[in-house]
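Worksheet: one structure, shown below.
The values are calculated or read from the model by the stated rules, or taken from the named source; none is laboratory data. Because the structure is predicted, anything quoted here is derived from the model rather than measured. Note that we place each Cβ from the backbone using ideal geometry, even for glycine, and neighbour counts take in every protein chain shown. Only protein heavy atoms, including side chains, enter the accessible area calculation; ligands, DNA and RNA are left aside. Shrake-Rupley method; radii C 1.70, N 1.55, O 1.52, S 1.80 Å.
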Amino acid sequence: MWKQMIIGDAIHELTLTRRILECLPEEHMTWKPHLKSMALGGLATHLINLLNWQVAILRDLEFDLSTVPSKRKPLDKPEDVLEEFDANVIKLNTLFAECDENTLGEEWTLRNGDVIILRQSRAIALRTFGLNHMIHHRAQLGVYLRLLDIPVPGVYGPSADDEANS
């Protein structure tokens, strides 16, 4: 039951996320809405990293932030974002197919060296640390597109742009 619900939800959210990523404008990948904000390309790259984290949740029993580089160079071409996104979705789908209820119930740990940040089941970690986090940044990306006057596709129903075109 958990597997069907969690994985069905994940696949749905990944499909919606790709729809937003398909709208990335190459000419604005370095654009920021505010000095303290991530650039559009950096935000899109962060969505890719969140997929890497989802892969790690299903593949490993823990994720140690101290073992990964803290800063990744943002992707600057929309096609590179989509290519890496699609490759990560393939990895996730393979892991989804291989996991079972027991795997999703196993305890997963997020740490930074010796400091434990959180410990929870893989199912909860996938939903909160992986999917909810991705949904949050996907929504930010939608705001960026809106501010750049780029049509925003509907996610949980039609957007104002979808309605304007119908």
Looking only at segment 117-141, which residues are of a type in the set (A, V, I, L, M, F, W, C), touching a strand residue (DSSP E or B) at 6+ places or on another chain (Cβ under 6 Å) and either free of Cβ contacts under 8 Å to residues at least 24 places away in the same chain or at positive phi (or both)? Leu118
For residues in segment 100-116 being of a type in the set (D, E, K, R) and touching a strand residue (DSSP E or B) at 6+ places or on another chain (Cβ under 8 Å), which is most open to solvent (accessible area, probe 1.4 Å)? Glu107
Residue check, Trp2 against (1) in contact (Cβ under 8 Å) with a residue 40 or more places away in the chain; (2) closer than 20 Å to Arg72 by Cα, all met but one. Which one? (2)
Taking Ala44, is it within 16 Å of Phe129 (Cα to Cα) and open to solvent by less than 50 Å² (accessible area, probe 1.4 Å)? no
Please find, within segment 19-39, the residue that is farthest from Leu82 (Cα to Cα) out of those that are within 14 Å of the chain's Cα centre (by Cα) and surrounded by 16 or more Cβ atoms within 10 Å (Cβ to Cβ). Ile20
Taking the options Arg59, Arg72, name whichever one is without any contact (Cβ under 8 Å) to a residue 60 or more places away in the chain, touching a Lys or Arg at 6+ places or on another chain (Cβ under 9 Å) and surrounded by fewer than 18 Cβ atoms within 10 Å (Cβ to Cβ). Arg59
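Residue-by-condition table, conditions (1) among the basic types (Lys, Arg); (2) within 20 Å of Asn49 (Cα to Cα); (3) more than 17 Å from the chain's Cα centre (by Cα):
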| site | (1), (2), (3) |
| --- | --- |
| Thr109 | no, yes, yes |
| Leu118 | no, yes, yes |
| Arg127 | yes, yes, no |
| His137 | no, yes, no |
| Leu141 | no, yes, no |
| Tyr144 | no, yes, no |
| Asp149 | no, no, yes |
When segment 118-166 is examined, which residues are found to be assigned to a helix (DSSP H, G or I), in contact with a Leu (Cβ under 9 Å, 6 or more places away or on another chain) and among the polar types (S, T, N, Q)? Thr128, Gln140
Taking segment 12-60 as the region of interest, how many residues are acidic (Asp, Glu) and in contact with a helix residue (DSSP H, G or I) (Cβ under 9 Å, 6 or more places away or on another chain)? 3
I need the full set of residues from segment 78-94 which are farther than 13 Å from Leu51 by Cβ and surrounded by fewer than 13 Cβ atoms within 10 Å (Cβ to Cβ), in order please. Glu79
Let me spell it out: the conditions are (1) assigned to a helix (DSSP H, G or I); (2) open to solvent by less than 70 Å² (accessible area, probe 1.4 Å), and Ala97 meets all of them except one. Which number is the exception? (2)
